[in-house]
Amino acid sequence: MKKLIIAMLLIAPLNLMAQKIGSYSLQAVVENMPAYKTAQSELETLGKTYEANMQDMYKEYQTKLQKYQSEINDQTPKNMVERAQKELAEMEQKIQQAGEDNQRAFQEATQQKMAPIYQRVNEAIAAVAKEGNYTFLLDPTMIQTSQATNFYLNPSLSEDVTAKIKTKLGL
């Protein structure tokens with residue numbers, strides 16, 4: 001039994017040495033895709049629309065607040081003060097809810113526009129890995145920004161396949 005374990009331990013490093021590892025830059029691939037540029041432009045326009053909407057709501061709120069502050073004094077009937085305060089509180093809630101709704105809608109739009117782009121890229125990565133018999137294809141920038149702080153990809157021992165992925169995508 002000990003001989004079998006020792007033999008496996010000696011063979012395991014040989015198997016690791018036979019593995020072919022490639023690296024790529026996801027950012028370099030995606031940023032060259034026309035669909036990505038179009039999606040980014042559409043999302044920027046959508047973001048500006050949401051921002052303008054929020055600014056309009058906030059301006060309306062500021063106007064009402066200034067009117068309240070200028071018209072309400074110690075001699076204003078209590079019911080009018082309460083009504084104005086209630087109206088301002090409702091506006092604050094509407095602004096907050098609109099902000100949350102806009103953020104959620106923007107995230108959904110981003111997901112909807114980007115998902116097909118990343119799917120195409122992932123398919124191209126898988127095709128390059130299969131065609132080139134790569135055991136691993138890794139994006140070093142993703143490794144550095146992930147929680148895997150003890151993982152390192154030696155660039156001199158891996159092949160950069162970014163160009164192959166771009167070619168697979170017709171870029």
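Bear in mind that the values in this text are calculations on the coordinates, not laboratory data. This is a predicted model, so every value here is computed, not measured. Every residue, glycine as well, gets a Cβ built from its backbone with ideal geometry; the counts of neighbours run over all protein chains shown.
Past 29 Å, Cα to Cα: identify those pairs from K37/K59; K20/K166; K48/K78; K37/K64, in the order given.
Working: K37/K59 33 Å; K20/K166 20 Å; K48/K78 41 Å; K37/K64 41 Å.
From the list (K37/K59; K20/K166; K48/K78; K37/K64), the Cα-Cα distance tops 29 Å for K37/K59; K48/K78; K37/K64.
For a quick protection proxy, order the peptides 77-83, 37-43 by their average other-Cβ count within 10 Å, most packed first. Mind dumping the intermediate values first?
Details: 77-83: 10.3, 37-43: 13.7.
Per-residue Cβ counts within 10 Å, averaged per peptide and sorted highest first, yield 37-43, 77-83.
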Worksheet item: Taking 0.36 nm per residue of separation and subtracting the Cα-Cα distance, what length does fully extending L171 through E60 add?
Response: 35.2 nm
Practice prompt. Please list 21-32, 57-68 highest first by mean number of surrounding beta-carbon atoms within 10 Å per residue.
Written response: 21-32, 57-68
Worksheet item: If the chain between Q93 and Q69 were fully stretched, how many nm would it gain, using 0.36 nm times the residue separation less the Cα-Cα distance?
Response: 6.7 nm
Fill in: Dipole-positive endmost among V161, Q103, G132 within the stretch 51-171 (Cβ charges, Cα centre)
G132
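Please list 129-142, 94-107 highest first by mean number of surrounding beta-carbon atoms within 10 Å per residue.
On the way: 129-142: 14.5, 94-107: 12.4.
Top to bottom by mean Cβ count within 10 Å: 129-142, 94-107.
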Discussion item. Under the √(5λ) rule applied to the eigenvalues of the Cα gyration tensor, what semi-axes describe the equivalent ellipsoid of the stretch 33-151? Give them in Å, descending.
Written reply: 52, 16, 10
